[in-house]
Amino acid sequence: MIKGIAAAGGVAIGKAFVLPTWEWDVPDQCLDPTDLAQEFERLYEGIRTSKTEIELMKNEFEEIAGPEESSIFDAHLAILEDPEFMNEIRGIIERQYKAAEVAVQEAINHFVTMFDLLDDEYMKERAADIKDVGNRLLKHLLGAPEVTLPTDTQPYILVAKELSPSQLVHLNPHNVLGIATILGGKTSHSAIMARAIGIPLVSGLESQLDPPIQTGEMIIVDGDNGKIIVHPDPKTIEHYKLIRTAQDRRKRQLEMLSTVDSVTRDGVPMRLSANISSIKELDIALKNGAKGVGLFRTEFMYMDRTSFPSEREQFEVYRLVAEKAKGQAVVIRTLDIGGDKELDYFPLPEEENPFLGYRAIRICLEHTDLFKTQLLAILRASAYGAVKIMYPMISSVEEVQQANVILREAMDELDQRGMPYNRDIQVGIMIEIPAAVAIADLLAEECDFFSIGTNDLVQYVLAVDRMNEHIAHMYNPYHPAVLRMLRSTIQAAHAEGIPVSVCGEMAGDERSIPFWLQMGVDHLSMSPQSLLRVKQSILNTDSKQASHQALSWMKLKTSQAIEEGIQHYMNTLTDSDASFASSTS
């Protein structure tokens, strides 16, 4: 048994196929100074071809996993446009008279070495992206063939030194049972993609594979526990077959819950809606029984284009979402760019800390024409369904009031045009900044509803960047400070008579259900893939017992004590509880 990193869950049993390394020998060629222009043209042609390929791969992956996961390839396109990376290549060609492929190889080595020296796991993972993009560019400059996967239909477990997103995007989930990689970790783009398409992945096996795995050898990939078993004996194979069968059975049971109401054992309803970025994600969510849309991330409509979407373009999408929801609420979040979400055609200023900088509502209140165009589209769509408006990253009452002034201007314009819209459209805000929690009572007077974005709220409350491997362990949604902020926000909203939903990752975490019941939250919004799993947990929960447990956890002083209490509670759920959900179907 070999221990690695559990990067994508699930169990795979099968024969290995070892993927050849996507690397080439690059002879150190020197140029005649008169050949520089031709060499630059070769470089630019290689970049153009690489960009086209990456765009095609992005579109292909978007069909499988949706726009949020496919945005991984935006980082690859950005590398080919990065001034530092490209200046390094051009400088080597121009100053050292090196061939384009030599310059690219040296630039890759330079940046990969630089990132690898940093004691930061996230930056090490980004080095893998540079190698992926650089090797794609090298492939075109050298005229090298693609590294291909088996062409037959026999399923296999893919073993590779590291697997780039460019390679992973072409994998057929029906043929690839699982993946094992020598390098990589949980934060790698390949791991994110593997989780999105449901392929078990164990990574970080470096220095442990002695001897290395050979093509054709029988192996087991345990993506839940980060284990690789080479040449498993019959007893071990049978053990993991039982685990896989149980996982498949649970998946089928969950699918049967799509039409079952989300109600606790003692009759307390909990509305489950979906976070979406596209029509495709909405279709998956509705298939899984979502009661409308709790968060429509509209920023993805603005990406992968050369200009802002028009009012009509936006209206058509919002209208279609409203119609597909068939009377269920659709909460449309206004444009939330900045931070890690940038638009090529709308450059933002360089910032020391963009996550605390010029983003979301701060941009919209300054670029009022851009904001009003979106509000006009949302208002027009409100004539076709139960559409609501939500402002992101609110930190003050003034921001809500200023946004509503622009909303009223949009209403006046539609009145002048004679276009229908819901004059009583509900307007709410995201609670994701500690300042908003502190003045939640004041904000509640200005809003029709709150939606708590726990991802950013936890990050800001604890001053922890969860992408920073040094301190990621400190990112804990069950920290007493976070739980107190959640409780005070909900109490302030209910005191003013407005509802509260939760749309961050905590909404999709079954461990949080007792807290929501205790605090009085009756609406959770989550990824389409989480809906059935959370619904099953709610069906298995007694609200009085769960609320009592949560109240006792809220009195504990440390995150560790709270998590231990939660874990003990989860462990006490009996097998008869687990079968309750399937019996209701």
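Using C-alpha pairs below 8 Å separated by at least 6 residues, the relative contact order for the stretch 362-461 is 30 percent.
With R₀ fixed at 45 Å, the C-beta to C-beta distance from residue 95 to residue 313 puts the FRET efficiency at about 0.45. For the stretch 365-434, trypsin sites (Lys or Arg not before Pro) are listed when DSSP marks them as loop and at most 11 other Cβ atoms sit within 10 Å of their Cβ; the list is 423. Couplings for the stretch 543-552, taken from phi via the Karplus curve 6.51 cos²θ - 1.76 cosθ + 1.60 with θ = phi - 60°, read 5, 5, 5, 5, 5, 4, 5, 4, 4, 5 Hz in order; Gly and Pro are left as x. Spatially close Lys pairs in the stretch 175-298, defined by Cα atoms under 17 Å apart and a spacing of eight or more places or different chains, total 6.
Computed on the stretch 255-373, with alpha-carbon pairs under 8 angstrom and 6+ residues apart, the relative contact order is 21 percent.
For the stretch 246-257, putting each phi into the Karplus relation 6.51 cos²θ - 1.76 cosθ + 1.60 with θ = phi - 60° gives couplings of 4, 5, 5, 5, 4, 4, 5, 4, 4, 4, 6, 8 Hz, in residue order, rounded to whole numbers and with x for Gly and Pro.
Taking θ as phi - 60° and the Karplus parameters 6.51, -1.76 and 1.60, the scalar couplings of the stretch 351-361 work out to 9, 5, 9, x, 5, 10, x, 7, 7, 6, 5 Hz in sequence order, x denoting glycine and proline. For the chain, the residue among 199, 260, 450 whose Cα projects farthest onto the positive side of the dipole built from Cβ charges is 260. By other beta-carbon atoms within 10 Å, ranking 114, 303, 485 with the fewest at the front produces 114, 303, 485.
For the chain, the antiparallel share of DSSP beta bridges with both residues in that region comes to about 35%. Amide H to amide H distances under 5 Å link residue 522 with 500, where only residues 5 or more positions off or on other chains count and H is placed in the peptide plane.
Bridging of residue 51 to lysines at a Cα separation below 21 Å is possible for 131, 139, 341, once same-chain residues fewer than 8 apart are set aside. What shape does the stretch 265-376 take by its C-alpha gyration tensor, where a ≥ b ≥ c are the square roots of the eigenvalues and a/c under 1.5 counts as rounded, a/b above b/c as prolate, and the rest as oblate? Prolate, since a/c reaches 1.5 and a/b exceeds b/c.
Normalised by the number of residues in the chain, the mean separation of alpha-carbon contacts (under 8 Å, six or more apart) gives a relative contact order of 14 percent.
Each of 365, 183, 376, 295 has some number of other Cβ atoms within 10 Å of its Cβ, and from fewest to most they run 365, 183, 376, 295.
Cross-link partners of residue 555 among lysines, defined as those whose alpha carbon lies under 19 angstrom from its own and excluding same-chain residues fewer than eight positions apart: 544. Taking the Cα centre of the stretch 448-585 as reference, the dipole from Cβ charges on Lys and Arg (+1) and Asp and Glu (-1) amounts to some 280 debye. The charge dipole of the chain, taken about the Cα centre with unit charges on the Cβ atoms of Lys, Arg (+1) and Asp, Glu (-1), comes to about 2460 debye, rounded to the nearest 20. Each of the peptides 444-450, 44-50 was scored by the mean count of other Cβ atoms within 10 Å over its residues; in descending order, highest first, they stand as 444-450, 44-50.
Where a number appears in this text, it was derived from the coordinates with a stated rule and is not lab data. Bear in mind that the values here come from a model prediction, so they are computed numbers and not experimental data. Quick reminder, even Gly has a Cβ in these numbers, built from the backbone with ideal geometry, and neighbours come from all protein chains shown.
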